[in-house]
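Derivation of every value follows stated rules applied to the coordinates shown; laboratory data play no part. In this text the structure is predicted, and so the values were computed from the model without any measurement. Neighbour counts are summed over all protein chains in view; Cβ atoms, including those assigned to glycine, are modelled from backbone coordinates with ideal geometry.
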Ligand SMILES: [Fe+2]
Ligand SMILES: [Fe+2]
């Protein structure tokens, strides 16, 4: 009998914002101020000027050819303001029941300051449904056909203004191991914001790295993970399994950053994954096929 094919759409790092951010006095002493300078004065805002148009085109594609599930790997916002979460949730159709089921995790921009905790989870609640351990928010797993999408939170609020590093943490890794022990057969796919390696196989710089990458690789390998889907790096890439990371990783890149805007469509059948990258074409206001690649998923029988 032919293996059932599961179709996924993977997008990331949309960095949506709102006109009225709702600044409060205490925001001026947080990282938000540096972030705002970065957005307004140093060009980051310009790079995401067309983000709403790109997201609208992405959602049109999803509605025209609905996949079995959506996968969003974080950085919904720029500065984790409540107004930005509301805008992101509305533009991505998080509460639109006519869309396929989805799994979402926060990025470092969604945990920009310590007081941002919980906002992503509230805004994206319908995309955070799944099997959990001890009712902890992360990890959670949702089964789509024979594929387990395992959402892991790798974003942390960091005090130092330039610190964009992340961490899963020992407690969440322990829960990940317990969760994996409960899952039945199927392809296990981690959905998280941070990569384990860059495109070249190097670790990211100290201020951008997943701090507990070593423990993460070890736990994921012990859990029989076949694929690591992520964002954070704004250029899309794919890396096959290596001695250092024994499963492939796919970075969706940013789906909205001008000139880099893309997302991925995956068809998973047994141990085979066939991917299509679509890149936004502003003239056509549409995402066009720009690349194709395929992978053999390890550990799938
Ligand atoms: Fe990002
Ligand atoms: Fe990020």
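Cβ crowding within 10 Å ranks 200, 17 as 200, 17, fewest other Cβ atoms first.
Across all C-alpha atoms in the stretch 240-301, the radius of gyration and Dmax reach 13.9, 44 Å.
For the chain, what percent of Cα pairs sit more than 38 Å apart? Could you put the intermediate results ahead of the total?
On the way: 2988 of 45150 pairs.
Within the chain, distances greater than 38 Å cover 7 percent of Cα pairs.
Note: relative contact order over the chain, using C-alpha pairs below 8 Å and six or more positions apart, is 21 percent.
Dividing the summed -39500 (n - 2.57) terms of all DSSP H runs of n ≥ 4 by the residue count of the chain sets its mean residue ellipticity at 222 nm at -6500 deg cm²/dmol. Comparing 284, 90, 216 in a Gaussian network model of the chain, where Cα atoms under 10 Å apart are tied by springs, the biggest mean-square fluctuation is seen for 284.
Quote to one decimal, in nm, the extra length available between residue 115 and residue 274 on full extension: 0.36 nm per residue of separation minus the C-alpha distance between them. Can you show the working numbers first?
Values: separation 159, 0.36 × 159 = 57.24 nm, distance 4.03 nm.
The span from residue 115 to residue 274 would gain 53.2 nm if fully extended.
When only alpha carbons are used to place a centre, the stretch 168-185 and the stretch 67-85 end up 24 Å from one another.
Using 1/(1 + (r/R0)^6) with R0 = 30 angstrom and r between the beta carbons of residue 207 and residue 244, what's the FRET efficiency to the nearest 0.05?
Numbers: r = 21 Å, r/R0 = 0.71.
Given R0 = 30 Å and the Cβ-Cβ separation, E is 0.90.
Computed from label points 7 Å out along Cα-Cβ, the spacing between residue 3 and residue 60 is 3.4 nm. Taking label points 7 Å from Cα along the Cα-to-Cβ direction, residue 132 and residue 183 give a separation of 1.8 nm. As a calculated quantity, the FRET efficiency between residue 284 and residue 46 at R0 = 25 Å, using C-beta atoms, amounts to about 0.70. The residues 84, 167, when put in order of fewest to most other Cβ atoms within 10 Å, stand as 167, 84.
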